[in-house]
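The values are calculated or read from the model by the stated rules, or taken from the named source; none is laboratory data. Since this is a predicted model, take the numbers as computed values, not measurements. Neighbour counts run over all protein chains shown; Cβ positions are idealised from the backbone, glycine included. In case anyone asks, the SASA skips ligands and DNA or RNA and just uses the protein heavy atoms, side chains included. Shrake-Rupley method; radii C 1.70, N 1.55, O 1.52, S 1.80 Å.
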Amino acid sequence: MNVHESDKIAALLTSHGLTRTDDHETADILIFNTCTVRNTAEEKIISHIGLAHSQKRGGRRVTIAVVGCLSQREGVATSLMKKFPRLDIILGTHNIGRIATAVDNATAGKKTLDIITEREDFTVPVTDTVRTDNTDLVTHKPGTDTHFINITYGCENYCTYCIVPYVRGKLISRPMSEIESEFAEYKTGTVYLLGQNVNSYKCPETNTDFVGLLRHLSRDTNVMLNFLSSHPRDFTNELAAEIASNPRIDKNIHLPIQSGSTRILKLMNRGYTADDFRAKIANLRALCVDVKLTTDIICGFPSETDDDFAETMQLVRDIKFNAAFIFPYSRRSGTPADKMPDQIPQKIKKERTTKLIELQRQIANAKIQP
Ligand code: SAH
Ligand code: SF4
């Protein structure tokens, strides 16, 4: 999502006469597109901003902008401006369409601190920056032909650990006609349909659901389709059957489980049990033998016991994911889990994370053995 949004920002500025560079030493404008999903992401970006802020660059004036999820958090934009008085621009998640105006204002010596709470529509120009086979501009997977299209914005699932609904706002599905015309730009490679929970897609004009959208887009194209992320609760048999039968759907499926303990999943407000997840995977694998699965797992959610963690380990052993993104639980202020009792000590969270990463590494290695 962030890679795609950075590409959109680059496209807006390219069409405004600027040139994109990844060389931050010589750039005239530095844009930090931030993430706030875990505390470590936040700390890293703040230290990078601090570094950029303190660099002298021989008196050369550099515009510094901070955009995205971190700036959208309550009170953060103002405190960033206070902490880093040479910051020129702060925009949130809903108004990156204003970046070119903000850059012009910065050039004229005027600061922008602009956070709004509802998504604002803007058109991303068709430029080489977003629509390209030119891999030097596609940062996600160099050397591959990978494209992204947002199908939804925001999220209303309110998983209790997650900050996303608070910084990305309510769920909005884009009209299928809009997605279709963006999709038509791509003739080769793989298009990732993006949303926090793609399965909750519903076209506001035609009521077409996610499976309908996949069928529609894949009818007459050479492009492969993938999507990020699916929510196990809404991963239906119909979707599994579509993945299996549709030759234009990539068989690498990302399905975040978060925990293997049903008790913890309930506290996380995920809306499925560990057994539901196992059943969905068994069904998908029965229909589609060549499917490859990846997942996300959080270790040390409040009150997670050794037994809960053992259930996660067992589920990982049983399912044998091709890869897993495993992180310690990170407290996010403003989320329900942050106020839950029995927070797990950092040391235990880290130990569990390391143990699970090691287990997953062995599983992934065993899978690639001939
Ligand atoms: N919408 C997607 C992903 C959103 S965030 C989904 O539901 O799967 C990406 C991943 O970050 C999540 O899958 C989760 O594993 C992780 N994550 C989110 N909040 C977190 C937190 N507070 N601590 C640790 N990991 C978190
Ligand atoms: Fe966060 Fe849950 Fe929404 Fe994913 S589905 S973005 S984890 S609230």
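With all protein chains present, how much of the accessible area of the stretch 1-94 (probe radius 1.4 Å) comes from carbon and sulfur, to the nearest whole percent?
55 percent
Which of PRO232, PRO85, PRO336 ends up with the largest GNM mean-square fluctuation for the chain, with Cα atoms connected below 10 Å?
PRO85
Please report, as a whole percent, how much of the solvent-accessible surface of the stretch 247-338 comes from carbon and sulfur atoms (probe radius 1.4 Å).
Roughly 55 percent of what the probe reaches on the stretch 247-338 is carbon or sulfur.
May I ask you to order 247-254, 115-122 by the average number of other C-beta atoms within 10 Å around their residues, highest value first?
247-254, 115-122
Got the relative contact order for the chain handy, in percent, Cα pairs under 8 Å and 6 or more residues apart?
12 percent
Given 0.36 nm per residue, what is the gain on full extension from SER181 to HIS24 after removing their alpha carbon distance, in nm?
In short, 53.1 nm is gained.
Using only the Cα atoms of the chain, what do you get for the radius of gyration and for Dmax, in Å?
So, for the chain, Rg and Dmax equal 21.5, 64 Å respectively.
In Å³ and rounded to a whole number, note down the convex hull volume per residue for the Cα atoms of the stretch 241-370. Walk me through the numbers before you get to the answer.
Values: hull volume 14.5 nm³, N = 130.
So the per-residue hull volume is 112 Å³.
Is there a pair in LYS44/LYS355; LYS82/LYS350; LYS44/LYS339 whose C-alpha atoms are over 27 Å apart, and which pairs would that be?
LYS82/LYS350
Can you bin the stretch 1-123 into rounded, prolate or oblate? Criterion: square roots of the alpha carbon gyration tensor eigenvalues sorted a ≥ b ≥ c, rounded for a/c under 1.5, prolate for a/b above b/c, oblate for the rest.
Rounded.
Does the stretch 189-237 come out rounded, prolate or oblate by the C-alpha gyration tensor, with a ≥ b ≥ c the root eigenvalues, rounded set by a/c under 1.5 and, if not, prolate when a/b is larger than b/c and oblate if not?
Taking the square roots of the gyration eigenvalues as a ≥ b ≥ c, the stretch 189-237 is oblate.
Kindly report the accessible area of the chain per residue (heavy atoms of protein chains, probe 1.4 Å, no ligands, DNA or RNA), in Å².
On a per-residue basis, 47 Å².
Identify unpaired cysteines across the chain, taking unpaired to mean no other cysteine Cβ lies under 4.7 Å from the residue's Cβ.
So far as the 4.7 Å Cβ criterion goes, CYS35, CYS69, CYS155, CYS203, CYS288, CYS299 stand without a partner in the chain.
Based on the alpha carbons, how large is the Rg to Rh ratio for the stretch 198-304 when Rh follows Kirkwood? List each step's numbers first, then the result.
Values: Rg = 14.9 Å, Rh = 14.9 Å.
Rg/Rh: 1.01.
Counting Lys +1, Arg +1, Asp -1, Glu -1, what net charge surrounds ASP121 among other residues with beta carbon under 13 Å of its beta carbon?
Taking every Cβ under 13 Å from that of ASP121, the sum is +1.
Excluding LYS349 itself, what net charge comes from residues whose Cβ is under 12 Å from its Cβ, given Lys and Arg +1 and Asp and Glu -1?
Spelling it out: positives minus negatives among the neighbours equals +4.
Of the listed peptides 12-19, 352-359, 159-166, what is their order by residue-averaged count of other C-beta atoms within 10 Å, with the highest listed first?
159-166, 352-359, 12-19
So what is the 222 nm mean residue ellipticity for the chain from helices alone, if each DSSP H run of at least 4 adds -39500 (n - 2.57) and you divide by all residues, rounding to the nearest 500 deg cm²/dmol?
Mean residue ellipticity, 222 nm, calculated: -11000 deg cm²/dmol.
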